[in-house]
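My questions will all concern the structure given below.
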Amino acid sequence: MAKASLQIPPTTTHLCNIIISRDFDLLPIRSEEGREREANGIQKMKFNVSAKEIKRVETLSKYAGKGSAKTAAAADAVVGRRISHRTVLVLGVVLLLAFVRMSVLVLESAAVCSTLDCVGSSFFGGGDANLKLREELMRALEEANDGNANGGGAESFNELAKMLVSEQDLKAFAFKTKAMLSRMEREVQSARKQESVNWHLASHGVPKSLHCFCLKLAEEYAVNAMARSRLPPPEYVSRLVDPTFHHIVLLTDNVLAASVVVTSTIENSANPERLVFHVVTDKKTYTPMHTWFAVNSINSAVVEVRGLHHYDWPKELNAGVKEMLETIHLIWKHYFNNYKEKDLDYNEEHNRYLEALGPSSLCLLNHLRIYIPELFPDLSKVVLLDDDVVVQHDISSLWELDLNGKVGGSVFKPWCGGNCCPGSKYVDFLNFSHPIISSNFDGGKCAWVYGMNIFDLEAWRRSNITETYHQWLKLNVKSGLTFWNPGVLPPALIAFEGQVHPIDSSWLVTDLGYRHRSDEISNNIEKLEAAAVLHFNGPAKPWLEIGLPEARSLWNRYVNFSDKFIRKCRIIE
């Protein structure tokens, strides 16, 4: 087999071998002998290609015999020319870009060009057509943005596309697009608003299981003498006023929630025998509440259950409570009427109105916090726990906390360090557009929170906190109920101004009842388990079906699912 090769100094290793077979001669063969060889055989070229250039070209001939050497020599003369791969690469890139350019121009010019000449002028003459198309589109969009497009929008994207193809009117296309997007935005806002209302209703209704639970306990009170037994037993009554014990106050009408607070606190206490729980409830809930703690007796701690109807307050105190309730109802009605008249879109203001109109804003037990010194005249220091908390670690060190002369101690919410507390500043609770509020308080100040608070009742009695609270209630009524948003905390922020000592924020994790914290909760389970107290403030309470599953499991640990009443009423697990 004849073989001709061109040797080039090696630069890199061979990357590939390419065999190209063609039915033609490498050189014009003018002799009869050459033409005969052409008819009887096939020549082949073998390319040895490297990363920089074609390193070697070999011609392989199928012929043998006379003339083969001559043919090989002729092939050597042709392939002896050096071929650079850069030339081939540049040529390929240019052709590819030209193809892409032509394709884009053809597609972009479809709406403004109907002839090949138009497309050709766009390709060879520059981007005049493209520039014209962009300018026309921008002009149409600006007109649509300034114009009114409340109706006449397309029902779907397909309809919009068909309209553009058939009419080829960019201005009409822009207006219909705006109308379609505006309609879709209104539908989304309406759906979100309805979802928020449904969420509000679900969060403030009493589940059938909890209603059943209270009825079963009330029935047990009537038929079981143990359920009516005295709380606490006579031998422990002296502890109720003993200052050497750790006194915990719980104001609630939720039996299941109260059981979780008491159980979790006792199980995680280093000295549960020093704990004394003072559970205050309303007349309606007193019977089932008493039954639960009488039947499920706790040997290590003392639990007292009292109804509001058991208190014999002086007339002045009763008048103050009545005035407070009347003011609270006025604020609630004011916000309710505004909510109906404004027809608010789905936004923060809408959610604030819904939260303000919740039953908790009208609950007497929530607002009686301001009367804790009168509720417990014989106590000097108490820890106030909300009924939507879970205690995970020993909290006995709270009673040893130095309040530096302040009345209370509470956790503030510096979520991002320092004085950074988005959503929990004074401006989020008080109306700083009113000159009286803006001249007396700092809107950028971080607010303290309820949930877990320590109060020095002796210092409270020496102060004028309760009187200040009532003065601001009256002033708020005179000013048209515009000083603060409905709720328990806003007037308390004013009354306790300068009287709250900060507690390390690691003690309390809050806002576990809000949907926006769902992802954060899922990713920080270890942080939640490390906190001493978890606060499920917000609409998604753990005893409701809408409770966040990630956080509910931490609350369910302390529910006595073996209890017969909880099983009968199918309390969610």
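The values are calculated or read from the model by the stated rules, or taken from the named source; none is laboratory data. These numbers come from a predicted model, not from an experiment. Because the Cβ atoms are built from the backbone with ideal geometry, glycine has one as well, and the counts that use them run over all protein chains shown. Only protein heavy atoms, including side chains, enter the accessible area calculation; ligands, DNA and RNA are left aside. Shrake-Rupley method; radii C 1.70, N 1.55, O 1.52, S 1.80 Å.
With respect to Pro232, determine if the residue is in contact (Cβ under 8 Å) with a residue 60 or more places away in the chain, open to solvent by less than 30 Å² (accessible area, probe 1.4 Å), assigned to a loop (DSSP other than H, G, I, E, B) and out of contact with any Phe, Trp or Tyr (no Cβ under 6 Å at 6 or more places or on another chain).
Taking the combined requirement at face value, the residue satisfies it.
Filter the stretch 551-567 down to the residues that are of a type in the set (Ser, Thr, Tyr) and part of a loop (DSSP other than H, G, I, E, B), then identify the one that is modelled with the highest pLDDT.
The residue in question is Tyr558.
Restricted to the stretch 518-536, and to residues that are crowded, with 19+ Cβ neighbours inside 10 Å and under 26 Å from Arg192 (Cβ atoms), which residue is modelled with the highest pLDDT?
Residue satisfying both the conditions and the ranking: Phe536.
State which residue pairs qualify: first residue closer than 10 Å to Gly358 by Cα and inside the stretch 194-207, second residue assigned to a helix (DSSP H, G or I) and of a type in the set (A, V, I, L, M, F, W, C) in any location, beta carbons under 6 Å apart, and separation of 6 or more residues or different chains.
Matching pairs, first to second residue: His200/Leu354.
Sticking with this one: Filter the stretch 240-258 down to the residues that are under 18 Å from Ile395 (Cβ atoms) and in a helix (DSSP H, G or I) and list them by number.
Selection gives Ala257, Ala258.
Take the residues in the stretch 382-427 that are under 26 Å from Ile465 (Cβ atoms) and out of contact with any strand residue (DSSP E or B) (no Cβ under 9 Å at 6 or more places or on another chain), then tell me which one is modelled with the lowest pLDDT.
Filtering the stretch 382-427 for residues that are under 26 Å from Ile465 (Cβ atoms) and out of contact with any strand residue (DSSP E or B) (no Cβ under 9 Å at 6 or more places or on another chain), the one modelled with the lowest pLDDT comes out as Gly423.
Could you please find all residues in the stretch 449-488 being assigned to a helix (DSSP H, G or I) and polar (S, T, N, Q)?
Thr466, Thr468, Gln471, Asn476, listed by residue number.
For the stretch 267-290, enumerate the residues that are under 21 Å from Val237 (Cβ atoms) and open to solvent by less than 20 Å² (accessible area, probe 1.4 Å).
Leu275, Val276, Phe277, His278, Val279, Val280, Thr281, Met289, His290
Does any residue of the stretch 270-292 turn out to be touching a strand residue (DSSP E or B) at 6+ places or on another chain (Cβ under 7 Å), among the aliphatic types (A, V, I, L, M) and part of a loop (DSSP other than H, G, I, E, B)?
No, because not a single residue in the stretch 270-292 is touching a strand residue (DSSP E or B) at 6+ places or on another chain (Cβ under 7 Å), among the aliphatic types (A, V, I, L, M) and part of a loop (DSSP other than H, G, I, E, B).
I would also like to ask the following. Only residues that are open to solvent by less than 100 Å² (accessible area, probe 1.4 Å) and not hydrophobic (A, V, I, L, M, F, W, C): list them for the stretch 175-193, please.
Matches in the stretch 175-193: Lys176, Thr177, Lys178, Ser182, Arg183, Gln189, Ser190, Lys193.
Still on this model: Is it true that Leu548 is open to solvent by less than 40 Å² (accessible area, probe 1.4 Å) and either at pLDDT below 90 or within 15 Å of the chain's Cα centre (by Cα) (or both)?
yes
A further question on this structure: If I ask for residues that are on the phi > 0 side of the Ramachandran plot and out of contact with any His (no Cβ under 6 Å at 6 or more places or on another chain), which ones from the stretch 458-508 would you list?
Correct list: Gly480, Gly487, Gly498.
OK, next. Kindly list the number of the only condition in (1) over 21 Å from Leu251 (Cβ atoms); (2) more than 34 Å from the chain's Cα centre (by Cα); (3) surrounded by fewer than 20 Cβ atoms within 10 Å (Cβ to Cβ) that fails for Asn476.
Looking at each condition in turn, Asn476 falls short on (3).
Which numbered condition in (1) assigned to a helix (DSSP H, G or I); (2) open to solvent by less than 60 Å² (accessible area, probe 1.4 Å); (3) hydrophobic (A, V, I, L, M, F, W, C) is the only one that Leu215 fails?
(2)
Conditions tested, residue by residue: (1) modelled with pLDDT of 90 or more; (2) farther than 19 Å from His247 by Cβ; (3) of a type in the set (Asp, Glu).
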| position | (1), (2), (3) |
| --- | --- |
| Ser439 | yes, yes, no |
| Met452 | yes, no, no |
| Phe455 | yes, no, no |
| Glu458 | yes, no, yes |
| Glu467 | yes, yes, yes |
| Gln471 | yes, yes, no |
| Leu475 | yes, yes, no |
| Thr482 | no, yes, no |
| Pro486 | no, yes, no |
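Could you tell me which residue of the stretch 479-517 is surrounded by the fewest Cβ atoms within 10 Å (Cβ to Cβ), considering only residues that are under 17 Å from Cys446 (Cα atoms) and among the hydroxyl-bearing types (Ser, Thr, Tyr)?
Taking the candidates together, the pick is Ser506.
Follow-up. Looking at Asn366, Asn337, which is the one that is loosely packed, with under 15 Cβ neighbours inside 10 Å and either part of a helix (DSSP H, G or I) or at pLDDT 80 or above (or both)?
Only one candidate qualifies: Asn337.
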